[in-house]
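What follows is a single structure, written as structure tokens, with notes after it.
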Amino acid sequence: MSKKNPEYDFKWCPGCGDFGVRRALEFAMIDRLEETGLPIENNVVVAGIGCSGNLVHLLEGSQPYGFHGIHGRSLPISMGVKMGRPDLNVVVVAGDGDFLSIGGEHIAPQAARNLNICAVVMDNGVYGLTKGQSSPTTKLGVVTSSTPFGKMENEADPLELYLTLGVSFIASGFSGNPRQLAGLIKEGMNHQGFSMVHVQSPCVTYNDTYELLKGKPKEGIEPLVWDIPEDHEPNDKAAAYNLIQKRGLPIGVIYKDESRPSLDQRIEDIWSKAKEQTAQQLIDAYEF
Amino acid sequence: MQMRDFVVRFAGEGGQGVVTSAEGLAQASTQVGYHALTYATFPSQIMGGPTWTQARISDQPILSAGDDVDVLVAFNREAYETHASEVREGGVIIYNSDDKEFENFSPTDGSKSFGLPIDELARSTGNNRSANMVVMGALAHLVNMPQEYLDDFVDSRFSRGRANDDEIIASNKQAMTLGRNHTSESGLSLGDLAPPKKPENKQLMIKGNDALCLGAVAAGLNFYIGYPISPATTILIWMERNLVGPGKFAYQVSSEIESITGLLGGGFAGRKAMTATAGPGFSLMSEGLGLAWMSEIPLVVVDVQRGGPATGLPTKTEQSDLFSCMYPAHGDVRLPVIAVGTVEEAFQGAIWALNWAERYQGPVILMTEMAIAERVQNITKPDLADFKIENRKVYEGTNGYHRYEGFELSPMPIPGNPGAYVANGSEHDEMGDTTHLPERHIQMTERRFSKLNLLKDGFFESENTESRIAVMSWGGSKGPSQEAYAQLRDQGLDISWYYTMFLNPLPPKLLEELQSKDLVIVPELNYQGQFSSILRSEGVKAKSITQYTGLPFKVRHLVQHISEMAQASEKATVR
């Protein structure tokens, strides 16, 4: 919403990582507007359920279209929007619970289709809005409200998952650096195919990882995040795999495959094989 | 004896030509001016399995698949034993005496059974593929159908512009003659079928699901997503093949959850969106349908009913999804429902469903059922000029628009254009931002329900409306009910007939008339009497005749139960 709406009473906690992601998305959409001349209404932000999904209501300035749907289904909703109108720029915003748990079944199909959208996942390793239950990226053994004796599952490795499923653009970002993140989101939007921008976006209330991510250089604690060196070849899948096996969290473009057509391009390809007929022609074919 | 119609049931193993024989007979008959309807059941397996298809041929329009079997064509022993008892007194059973299962076979009912060496006769023509024509010739003899009708059919069917056309035509005609002569020697006969009265209008020979697809495309459908499920799969296949080209999209996704949420995206983006599914898939769409109602997105979901619940009876017919279709989601939701009762209505219903969705900006459920989906029938060719196609009211102003303002429908902005808003599954304010204020929930709830008032233009059938007792069926039970009604009227029973495919909202005048009756009898294929329950909640004194066998009603059962109920006013169940 463009200005304060007294009816909308949702607030992120002060210091929430999602503020930085919002800023980055705004930067990316404005950059796109300036570069393409297409109005902001040419963007559609499809949001998941949870703290992160509220981003769609909290965007400032001129407004894109939004779809705040149901839990876990942001990807197939975005597929419908994109395939209905391939000229639109479609961005998904969701959290690790929505995207990787209840919505996990939708990642592989979009990767196989190479659906031309950009999904920004805000990973805070916890269900924040429901007050602190464990999520797929919560670490093994961590005590949360829903794991009183420690989490019993191993944590998911989203970057490795995306790479394995065949996502054609994978970037890793940090909400603490919105400018850098904006660049990754914009590169994801420009990529012709399914792009994932996985963002570390800490929850200051239930899982505050800022210190871990940024480290404490004065006390000799190394930051978890590190920038991907410029000599990394993102189109090399083996190099991408090696990169994410390293300690900590690489930030930047991990993998990029520009050789595959996206779903909307593949649909156009089949038009040459199929004969388009009017309703009248189709009816006539049944006459005897 | 002159016959007005006759019913042939072909039964055997999947892959023995059961369906093609029935459809071939139906095609041959319609070609010369008869009316034809086929009714099929399928085994739930790819290869083999017992299956049967029934064709009813008549000199007048056909309302149901027919109660009694005049001729059974049994391709194997199991088919013979399963279906022989369904053949009426004076009927005929033809069995394929070349099938090794019939070696040393002595029929239990020798007087009406007779072995036809179908394979041998076909082989003797030099064309092994003429077996269907041997059977056709046998049937032609039984009803004394003139040879020239069949010759015409063979000429038109096999004139394909190939070098060996003449040869194929000759062998097929010979096969027919052999079948006819062989049957004639048996001495069996059913009578003389009345000569055909060629329908005045152009006709289509079409399956229920195909008619539904044509209607949808005629209404401007340009966005289809589906997932394979019997008996809705043929709609997906049809769309994938025919809904192609710029601005059109037909696609198979990974689940019914993807279908409904994908449709939501397409409808939001301005497309005319539809999917088709059956019970289990419909259940998975529940939450998405609530979202469509909440965020006011036009779309159509076709429910091709089969037996339920859970996996239920995937290849049998039932009308047990009405509660689910009207109330598919949690919260205050009651969706518009159109239920088609014939192949013609499948075409019309699809147009109405898409028009309604566009008009009130929300989800519409189009119900059909296995018995209509798979029925092949001749129908009057629809004239597109008879149908008005509607499109949603689109917002065409500047930015700063309040998409959800007020208590009634408002124009819908389309992405790419000014008027950006958030389509929201949470309760929302005028811009689509989440809110919890009581006055907003009141406004939006009333707004959503008020839009149903835009859908009260459905039409209905009525006859002999002065009677205190009425019959009102729905969906595919229309045909048998209509036949039963006609017979009862002939017998002198004073009873009204009502029918509509618009189940929610009901046409107001229809509801008013029903409310004035002492008893409304509702034949329906479910245990609970779902439609009569809904009618009672609207103040109608409705009682059901229920049946839950997986099969359609027989006319004779309805005649019996309607007349009993008219006298005793009791609920009845057909077993």
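The values are calculated or read from the model by the stated rules, or taken from the named source; none is laboratory data. This is a predicted model, so every value here is computed, not measured. Reconstructed Cβ throughout: ideal geometry from the backbone, glycine too, with neighbour counts over all protein chains shown. Ligands, DNA and RNA are excluded from the accessible area calculation, which covers all protein heavy atoms including side chains. Shrake-Rupley method; radii C 1.70, N 1.55, O 1.52, S 1.80 Å.
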Looking only at region A:61-81, count every residue that is open to solvent by 10 Å² or more (accessible area, probe 1.4 Å), more than 7 Å from every other protein chain (Cβ to nearest Cβ) and modelled with pLDDT of 95 or more and tell me the total. 1
Might you let me know whether region A:152-171 holds any residue that is over 20 Å from the mean Cα position of the chain (by Cα), at positive phi and part of a loop (DSSP other than H, G, I, E, B)? no
Does residue A:137 satisfy being at pLDDT 95 or above, assigned to a helix (DSSP H, G or I) and of a type in the set (Val, Ile, Thr)? no
Whether any residue in region A:48-63 is under 19 Å from residue B:416 (Cβ atoms), touching a residue at least 40 places away in the same chain (Cβ under 8 Å) and in contact with a Gly (Cβ under 9 Å, 6 or more places away or on another chain) is what I want to check. yes
Among the residues of region A:230-269, write down those that are open to solvent by 60 Å² or more (accessible area, probe 1.4 Å), polar (S, T, N, Q) and closer than 24 Å to residue A:113 by Cα. A:235, A:259, A:265
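Each row is one residue, and each column tells you yes or no for (1) open to solvent by less than 50 Å² (accessible area, probe 1.4 Å); (2) more than 14 Å from every other protein chain (Cβ to nearest Cβ); (3) not small (Gly, Ala, Ser).
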site	(1), (2), (3)
A:189	yes, yes, yes
A:212	no, yes, yes
A:218	no, yes, yes
A:279	yes, no, no
Considering only residues that are aliphatic (A, V, I, L, M), more than 7 Å from every other protein chain (Cβ to nearest Cβ) and crowded, with 24+ Cβ neighbours inside 10 Å, which ones fall in region A:30-48? A:45, A:46, A:47
Is it true that residue B:416 is within 10 Å of another protein chain (Cβ to nearest Cβ), outside any helix (DSSP H, G or I), at pLDDT below 95 and closer than 30 Å to residue A:48 by Cβ? no
Can you tell me which residue is nearest to residue A:169 (Cα to Cα) among those in region A:92-123 that are touching a His at 6+ places or on another chain (Cβ under 7 Å) and part of a helix (DSSP H, G or I)? A:98
Can you tell me which of (1) within 7 Å of chain A (Cβ to nearest Cβ); (2) surrounded by fewer than 16 Cβ atoms within 10 Å (Cβ to Cβ); (3) touching a residue at least 60 places away in the same chain (Cβ under 8 Å) is the one residue B:423 doesn't meet? (2)
Considering each residue of region B:376-386, count those that are more than 10 Å from chain A (Cβ to nearest Cβ) and either part of a helix (DSSP H, G or I) or open to solvent by 40 Å² or more (accessible area, probe 1.4 Å) (or both), and give that number. 3
Log entry, pairs with first residue in region B:83-110 being hydroxyl-bearing (Ser, Thr, Tyr), second being assigned to a loop (DSSP other than H, G, I, E, B) and open to solvent by less than 50 Å² (accessible area, probe 1.4 Å), beta carbons closer than 6 Å, six or more apart or on different chains, reads B:97/B:117
Going through region B:67-92 in order, the residues found to be over 22 Å from residue B:103 (Cα atoms), small (Gly, Ala, Ser) and open to solvent by 20 Å² or more (accessible area, probe 1.4 Å) are B:90
With the first residue restricted to region B:481-506 and required to be without any contact (Cβ under 8 Å) to a residue 12 or more places away in the chain, and the second required to be open to solvent by 50 Å² or more (accessible area, probe 1.4 Å), Cβ contacts under 9 Å at 6 or more apart or on different chains are B:486/B:63
Of residues in region A:1-25 being in contact (Cβ under 8 Å) with a residue 60 or more places away in the chain and within 14 Å of chain B (Cβ to nearest Cβ), the one most open to solvent (accessible area, probe 1.4 Å): A:2
Within region B:36-60, which residues are touching a residue at least 60 places away in the same chain (Cβ under 8 Å), open to solvent by 20 Å² or more (accessible area, probe 1.4 Å) and under 17 Å from the mean Cα position of the chain (by Cα)? B:42
